[in-house]
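Participant: One structure, as structure tokens, below. Some questions next.
The values are calculated or read from the model by the stated rules, or taken from the named source; none is laboratory data. All values reported here derive from a predicted model rather than from experimental measurement. Here the Cβ positions follow ideal geometry from the backbone for every residue, glycine too, while neighbour counts run over all protein chains shown.
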Amino acid sequence: HVGPLRIIRPGPHAHGNYLDWWAETQDDLDARHHGAAPRHGFVDYHRRRDGQITLYHIVVKPGVRGQGTGRALLAALEACGRDANCRRIVLKCPIDLASNHFYERYGFILDGTIEGRKRPLNVWMLNL
């Protein structure tokens with residue numbers, strides 16, 4: 001069971017290691033919201049004016065992976081997108097990561113593969 005979800009976005013200082021940012025943010029949020037449900041992950045995304053949401057990162061704490069947190073975060077992002085009349089969520093994922101199977105199981109459709117800076121990337125799309 002995943003507790004209440006709140007979508008937060010990393011600020012510009014969060015580039016690099018998102019797990020380090022998450023640990024710092026978790027402590028800060030817990031201090032400001034004493035007694036609130038623990039935060040197990042976050043999504044980093046951009047909602048474009050043309051109705052597309054670009055998902056940059058989805059991060060789930062290692063200790064709670066495989067328990068539905070990622071699926072719940074995507075569902076929350078999907079609901080936010082629908083509420084904002086967005087048409088789709090798009091993301092790119094290196095072809096060698098296990099995350100590709102997660103996106104496929106969730107319902108994303110593989111839209112193609114492109115060359116990334118360091119390795120090929122799968123482009124996934126979920127129509128809302």
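Participant: Quick one: in region 70-87, of everything that is within 14 Å of the chain's Cα centre (by Cα) and among the charged types (D, E, K, R), which residue is farthest from His40 (Cα to Cα)? Give the steps one after another, and end with the answer.
Facilitator: Quick first cut of region 70-87, residues within 14 Å of the chain's Cα centre (by Cα) only: 70-81.
Now drop any that are not among the charged types (D, E, K, R), which leaves 71, 78.
Values: Arg71: 12, Glu78: 18 Å.
Checking each candidate, the answer is Glu78.
Participant: Can you tell me which residue in region 79-128 is surrounded by the fewest Cβ atoms within 10 Å (Cβ to Cβ), limited to those that are in contact with a strand residue (DSSP E or B) (Cβ under 7 Å, 6 or more places away or on another chain), charged (D, E, K, R) and touching a residue at least 40 places away in the same chain (Cβ under 8 Å)?
Facilitator: Per the stated criteria, the residue is Arg87.
Participant: Since Asp30 meets every condition but one in (1) modelled with pLDDT under 95; (2) surrounded by fewer than 13 Cβ atoms within 10 Å (Cβ to Cβ); (3) more than 13 Å from the chain's Cα centre (by Cα), which condition does it not meet?
Facilitator: Of the numbered conditions (1) modelled with pLDDT under 95; (2) surrounded by fewer than 13 Cβ atoms within 10 Å (Cβ to Cβ); (3) more than 13 Å from the chain's Cα centre (by Cα), the odd one out for Asp30 is (2).
Participant: Let me ask something else about it. (1) assigned to a helix (DSSP H, G or I); (2) touching a His at 6+ places or on another chain (Cβ under 9 Å): which one isn't true of Leu55, the others all being true?
Facilitator: Condition not satisfied by Leu55: (1).
Participant: Within region 60-78, how many residues are under 13 Å from Phe102 (Cβ atoms) and touching a strand residue (DSSP E or B) at 6+ places or on another chain (Cβ under 8 Å)?
Facilitator: 5
Participant: Exactly one of (1) modelled with pLDDT of 95 or more; (2) part of a loop (DSSP other than H, G, I, E, B) is unmet by Asn100. Its number?
Facilitator: (2)
Participant: Also, quick follow-up: Only one of (1) assigned to a strand (DSSP E or B); (2) modelled with pLDDT under 95 is not met by Ala75, so which one is it?
Facilitator: The failed condition is (1).
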